[in-house]
Amino acid sequence: MDVTSMIKDAVEKITKDGDLTKAFQADPTATVKKVAGDKIPAEAIDKIVSGVKTKLSVDKATDAISAVKKLF
């Protein structure tokens, strides 16, 4: 099990699909299970959900910083 690649795959799928993005905001665990299928062991789901949340937060912060830089 490679948690890092599972996080990367989940982030890619969630960010490319607006419905999945909304679903993730409402129920992150169910959404990650949906996009990853049955390949996620129960003991790893919390790590993956946390990793996806972190990655999405970092991406939003990076986008915000880029937008501010364009103002100057």
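The values are calculated or read from the model by the stated rules, or taken from the named source; none is laboratory data. Note that this is a predicted model, so its numbers are computed, not measured. Cβ atoms come from the backbone with ideal geometry, glycine included; neighbour counts cover every protein chain shown.
Rundown of residues vs (1) crowded, with 16+ Cβ neighbours inside 10 Å; (2) at pLDDT below 85; (3) out of contact with any helix residue (DSSP H, G or I) (no Cβ under 9 Å at 6 or more places or on another chain), yes/no style:
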site: Thr4; (1), (2), (3): no, no, no
site: Asp9; (1), (2), (3): yes, no, no
site: Lys13; (1), (2), (3): yes, no, no
site: Glu43; (1), (2), (3): no, yes, yes
site: Leu56; (1), (2), (3): yes, yes, no
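Checked against (1) at pLDDT below 90; (2) surrounded by fewer than 16 Cβ atoms within 10 Å (Cβ to Cβ), Asp19 meets all criteria but (1). Filtering the stretch 24-31 for residues that are surrounded by 13 or more Cβ atoms within 10 Å (Cβ to Cβ) and either in contact with a strand residue (DSSP E or B) (Cβ under 8 Å, 6 or more places away or on another chain) or modelled with pLDDT under 80 (or both) leaves an empty set.
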